[in-house]
1. Which numbered condition in (1) open to solvent by 20 Å² or more (accessible area, probe 1.4 Å); (2) touching a helix residue (DSSP H, G or I) at 6+ places or on another chain (Cβ under 7 Å); (3) at pLDDT below 80 is the only one that LEU194 fails?
2. If you check ILE84 against the conditions, is it touching a Pro at 6+ places or on another chain (Cβ under 7 Å) and modelled with pLDDT under 95?
3. So how many residues does segment 76-93 have that are outside any helix (DSSP H, G or I), open to solvent by 30 Å² or more (accessible area, probe 1.4 Å) and of a type in the set (Val, Ile, Thr)?
4. Given the conditions (1) over 21 Å from ILE81 (Cα atoms); (2) more than 15 Å from the chain's Cα centre (by Cα), report the number of the one that LEU194 does not fulfil.
5. How many residues does segment 166-191 contain that are surrounded by 15 or more Cβ atoms within 10 Å (Cβ to Cβ) and in contact with a Phe, Trp or Tyr (Cβ under 7 Å, 6 or more places away or on another chain)?
6. Pairs under 6 Å by beta carbon, first residue within 23 Å of SER61 (Cα to Cα) in segment 90-110, partner of a type in the set (Lys, Arg), six or more apart or different chains?
7. On the given criteria, is SER109 out of contact with any Lys or Arg (no Cβ under 6 Å at 6 or more places or on another chain), under 19 Å from LYS38 (Cα atoms) and open to solvent by 60 Å² or more (accessible area, probe 1.4 Å)?
Amino acid sequence: FLKNIFQKEKFRKGQLPILNRALKNETVIGLLPTGGGKSLTYQLAALLQPGITIIIDPIRSLMVDQYEGLLNIGIDKCDFINSILTREEKVFVQNKVLPNGKTQFLFCSPERLVIQEFREALEKTNEKGFFFSYCVIDEAHCVSEWGHDFRTYYLSLGRNAIEFCKTKNKETIPLFGLTATASFDVLSDVQRELSGNNERNKLKEDSIIRFDT
C-alpha cells in the first residue's frame, strides 16, 4: 500500500508507531514534525478498515488540500462539506452521499458536529448499515489553543464523535488526533478534552506518541 498507493519507499520516523496503535482500534494522538507525513498515517489506516473516516479540519484550505491529495493518488471516494460548496452541494453530500455509504473520507469542521441536520445524517448512515472507522482531528492542538477561546465547539469534539459516529462492533469510535506543534501541557489538555472529561472514555497515557525531534 505504501509503495503502490502512496508512492513512498519507506515509512518516516514515527509513522509506524502511530499506525500500529490506530490499527488496533485504539485512540491515538500523534505528534510529528511538519512534513513528517501525518496525513499518510490516518489515510493508510482508513484504507485498511471497512468503514467511513470523518476528518475534522479547522481551516477550509486544509480540507481542500487533503481532499485533492487523495484524488491525486487515485482515491476518489472522498468528500468535504464547507463554505466552498453551495447549499445544494452541501445538502447533497450530507443527505445523499454520506448516509448511503458512498464516501470513505469525509472532511468537515468541528462546528459541523453540533448541527442537528448533520447529526441526523450521521444517525441515518448507521441506520442504513454504514459505520465509521475513525474520527480524525487534524491540527489537534487547536482543541486546546482554540477550544477554550473562540472555537468552543472543539471542546465537545470527543463527546460528539463518540455519540454520533458509531462503529459496527466497537464500544466507541477510535479518535485519531494529529499535530505538528504542541507542548506537553497542550497535549495533556488535548488528551483530557478528547475524553469528553469522562472517566469512562479517558485516554490512556500511552495514547500520545511523540516524534517531534
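1. Every condition holds for LEU194 apart from (1).
2. no
3. Of the residues in that region, 2 qualify.
4. Here LEU194 clears every test but (2).
5. The total comes to 6.
6. THR103/LYS77; GLN104/LYS77
7. It is false that SER109 is out of contact with any Lys or Arg (no Cβ under 6 Å at 6 or more places or on another chain), under 19 Å from LYS38 (Cα atoms) and open to solvent by 60 Å² or more (accessible area, probe 1.4 Å).
The values are calculated or read from the model by the stated rules, or taken from the named source; none is laboratory data. From a predicted model like this one, the values you see are computed outputs, not experimental measurements. Here Cβ is always computed from backbone atoms with ideal geometry, including for glycine, and neighbour counts include all displayed protein chains. Accessible surface is based on the protein model in full, side chains and every heavy atom, while ligands, DNA and RNA are left aside. Shrake-Rupley method; radii C 1.70, N 1.55, O 1.52, S 1.80 Å.
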